[in-house]
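First the structure, in the form of structure tokens, and then the observations on it.
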Amino acid sequence: MRKLSIVLVTVSAAAVLSLTACGQKEQPIGQASPVTSPSGNQANGSGGAVSPSPTANAQKTMQIKSYYGDESGEKLVEKASEIKYTTDSSKYLAALATLKSSPDPKLGALLSGFTFTSAKIDEGNLVVDLKIDPSGRWGAQGELLTLDALKKTLFQFSEVKTLDILLEGKQEESLMGHVSFPHPIKRN
Amino acid sequence: MKKVVSSLLALCLFLIIIPTVTHAEEKIPLYLDGKLLVPEVAPRLINENTMVPIRIISENLGAEVKWNQQELKVSIDKNNTHIDLWINKRNAQVGGKTVAMDAAPVLIAGNTLVPIRFVAETLGIKVDWDNDKRAVYVTTKPGGITPPTTPPSGGGTNPGAGGGIQLPGGSQTPPPTPSGPVIQSIKATGDEIVIQGSAALTASHFYLSSPERIVVDLPNNRLGQALNPKLGEVNGSGAIAKVRYSLYSDNPASVRVVIDLNSKVSYTVTENKTANQVIIKLKQTRYNVMIDAGHGDHDSGAVSLTGKYEKDFNLAMALKVKALLDKEPLINPILSRADDTFLELDERVAKANNAGVDVFVSIHGNKYTPNVTGTETYYWKEDSIQLANIMHRFVTQAAGLPDRKVRQNNFRVITKTNMPAVLLEIGYLSNSGDEAKMYSPAFQDRVAQGIVDGIKSFLKIQ
Ligand SMILES: [Zn+2]
């Protein structure tokens with residue numbers, strides 16, 4: 001009894017956003033046990049509503065992964081860094097701030113020209129509003145790496161399910177004119 | 001001596017190939033939207049999988065098919081689905097992901113046969129198997145003709161049933177000589193093809209590119225005695241490489257003529273009802289080439305080491321390339337922007353797709369850390385690899401900067417355009433050596449000429 005055998009094919013959804021993100025799943029950080037700092041050090045201007053509660057104000061420290069461009073601008077390099085924060089909103093901004101300068105002069109600080117205006121999470125959707133100085137615009141590959149560094153850095157927080165990147169408050173098609181991205185970007 | 005070696009080799013090949021083929025081989029009628037297809041090479045059942053010649057995938061399922069001789073690879077593109085298959089390999093790649101098939105594509109007598117169910121279903125086309133009639137039904141039209149679940153009374157009357165169709169090389173008894181109009185001759189002279197019928201002809205036709213070809217269908221006709229009973233070809237000259245014909249559908253009868261072309265043409269089809277002729281006249285036509293200067297207006301692109309804008313370099317280059325292409329009689333250059341205006345990436349894509357562009361070249365200047373220098377060429381789709389390789393060769397040679405290779409990455413304008421497309425990163429505006437050259441008119445002229453030479457080489461012009 002011959003019959004045609006059926007092969008089930010899963011065609012991947014067409015929306016492949018970036019190559020480098022493929023296959024590498026973001027891991028929630030294992031060692032990310034927030035430590036409440038005993039010092040009363042105020043977190044510097046997160047701009048968010050500062051709760052009067054002393055526990056919310058207490059500074060926490062967290063080990064995170066930060067991403068930079070390699071020497072030849074072809075791929076991302078992962079580095080460990082430490083952030084200090086008080087509120088959720090300042091946690092994301094502190095993580096993003098680590099991308100603005102590189103710990104190793106050989107690596108490219110992909111987000112050196114970025115100014116982060118706000119980072120607010122609502123029901124798993126993290127909205128980051130940012131500004132890019134013209135001097136911070138890269139070529140095609142640099143833009144791809146930059147977008148990837150943003151995604152990898154923010155999706156390492158397991159509570160971030162989607163990420164909406166706004167350019168000066170607007171949902172733009174592209175950061176630097178080569179790569180387009182959806183609003184919001186889904187964790188892959 | 002040489003002869004002995006080659007026949008030994010042939011024998012070896014014979015021994016290698018035959019066992020996999022003869023086992024469980026059966027020629028299978030294939031119906032497309034209810035019509036029986038009679039392809040040049042019959043579909044056959046190999047190890048319980050219906051295998052069809054690859055031409056069916058391109059000409060009947062409307063997919064774009066490419067053959068890579070070196071890798072023995074078949075690439076199939078339809079809408080947004082991309083499939084790669086390799087001869088004798090059970091693993092296919094669908095959109096870059098590995099998928100196991102039940103049967104590997106095979107090469108038989110120079111014909112590539114692929115598993116129809118796997119390919120059709122991956123492309124979202126319905127495939128049904130009728131075990132009583134031992135036939136395959138492919139349904140391309142949504143809500144189209146579905147196969148009868150039970151054979152229409154008795155079996156033997158339908159020419160598709162019982163394997164009674166005549167196939168090339170088949171040993172079945174010939175069917176009763178059908179009556180009705182026939183195609184008596186097909187002649188290709190210069191850039192004109194004349195199809196002669198025994199009665200007035202009506203033709204339907206369409207154009208396919210990469211490779212360029214015209215398909216003409218002549219319904220209600222069979223092939224006359226002067227033509228090979230089922231299929232054949234005539235040689236052409238000029239724009240015509242060759243003309244193939246076949247009894248494409250048996251019931252109802254229909255003859256298909258495929259004109260394989262050497263270059264892009266425009267054409268007219270005239271039905272001369274009194275002379276019982278269809279005349280196809282070809283005219284070599286211009287290739288549409290889009291030159292896309294990256295960025296513009298408020299999107300300056302990269303800012304160079306000395307504060308110059310990438311958008312201005314890109315536009316200067318695009319205008320130089322356009323001026324050179326204007327001198328080419330077979331190229332119609334189109335600019336995505338001709339001045340300092342801004343276009344969204346998707347607007348560039350839409351412009352190219354709507355204008356029926358044949359080649360898309362996006363020009364950019366690069367930026368990273370100061371030490372990085374050189375030329376990069378990006379492509380994304382399989383149909384763009386050849387263009388990328390050729391363009392990179394010409395541009396690196398013209399620019400004389402370090403070779404940073406051809407790379408594959410998903411930049412919007414080369415992902416969503418539906419023709420061969422590349423993005424050129426000519427050099428690094430963040431590198432002092434590259435930057436000084438990139439704003440010099442002599443360098444720009446040289447690279448513009450390199451881009452034009454690359455495009456012409458890809459289109460096989462001159
Ligand atoms: Zn650019």
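The values are calculated or read from the model by the stated rules, or taken from the named source; none is laboratory data. Everything numeric here is computed off the predicted structure, so don't read it as measured data. Glycine also receives a Cβ, built like all others from the backbone with ideal geometry; neighbour counts cover every protein chain displayed.
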Exercise. For residue A:128, which of the numbered conditions (1) among the hydrophobic types (A, V, I, L, M, F, W, C); (2) away from the ligand (no atom under 15 Å from the Cβ); (3) within 14 Å of chain B (Cβ to nearest Cβ); (4) closer than 22 Å to residue B:344 by Cβ fails to hold?
Worked result: (3)
For this session: Can you run down the residue pairs with Cβ atoms below 6 Å, 6 or more apart or on separate chains, where the first is in the range B:291-306 and closer than 23 Å to residue B:454 by Cα and outside the structural domain of residue B:420 (by TED's automatic domain parsing) and the partner is assigned to a strand (DSSP E or B) and within 12 Å of the ligand (Cβ to nearest atom)?
Result: none
Seminar exercise, completed: The one condition residue A:162 fails out of (1) in contact with a helix residue (DSSP H, G or I) (Cβ under 9 Å, 6 or more places away or on another chain); (2) away from chain B (no Cβ under 12 Å); (3) of a type in the set (S, T, N, Q) is (1)
Exercise. Going by the structure shown, is residue B:419 within 18 Å of residue B:357 (Cα to Cα), in the same structural domain as residue B:349 (by TED's automatic domain parsing), touching a Gly at 6+ places or on another chain (Cβ under 7 Å) and not in a strand (DSSP E or B)?
Worked result: no
Seminar exercise, completed: Pairs returned, first residue in the range A:72-92 that is modelled with pLDDT under 95 and among the β-branched types (Val, Ile, Thr), second residue that is surrounded by 18 or more Cβ atoms within 10 Å (Cβ to Cβ) and not in a helix (DSSP H, G or I), beta-carbon separation under 9 angstrom, 6 or more apart or interchain, are A:86/A:43; A:86/A:46; A:86/A:59; A:86/A:60; A:87/A:43; A:87/A:46
Seminar exercise, completed: In the set B:92, B:100, the lone residue that is at pLDDT 85 or above and within 14 Å of chain A (Cβ to nearest Cβ) is B:92
Exercise. Looking at the range B:329-388, what strands (runs of 3 or more DSSP E) fall wholly within it and have at least 1 residues that are within 11 Å of chain A (Cβ to nearest Cβ) and within 14 Å of the ligand (Cβ to nearest atom)?
Worked result: B:359-366, B:375-379
Exercise. If you check A:143, A:168, which single one turns out to be within 12 Å of chain B (Cβ to nearest Cβ), closer than 28 Å to residue B:430 by Cα, within 16 Å of the ligand (Cβ to nearest atom) and not hydrophobic (A, V, I, L, M, F, W, C)?
Worked result: A:143
Exercise. Residues of the range B:287-306 being outside any strand (DSSP E or B) and in contact with a Ser or Thr (Cβ under 9 Å, 6 or more places away or on another chain), which ones?
Worked result: B:294, B:297, B:302, B:304, B:305, B:306
For this session: Return yes or no: is residue A:180 out of contact with any Pro (no Cβ under 7 Å at 6 or more places or on another chain), within 16 Å of the ligand (Cβ to nearest atom) and polar (S, T, N, Q)?
Result: yes
For this session: Report yes if residue B:369 is closer than 30 Å to residue A:101 by Cα, surrounded by fewer than 24 Cβ atoms within 10 Å (Cβ to Cβ) and among the β-branched types (Val, Ile, Thr), otherwise no.
Result: yes
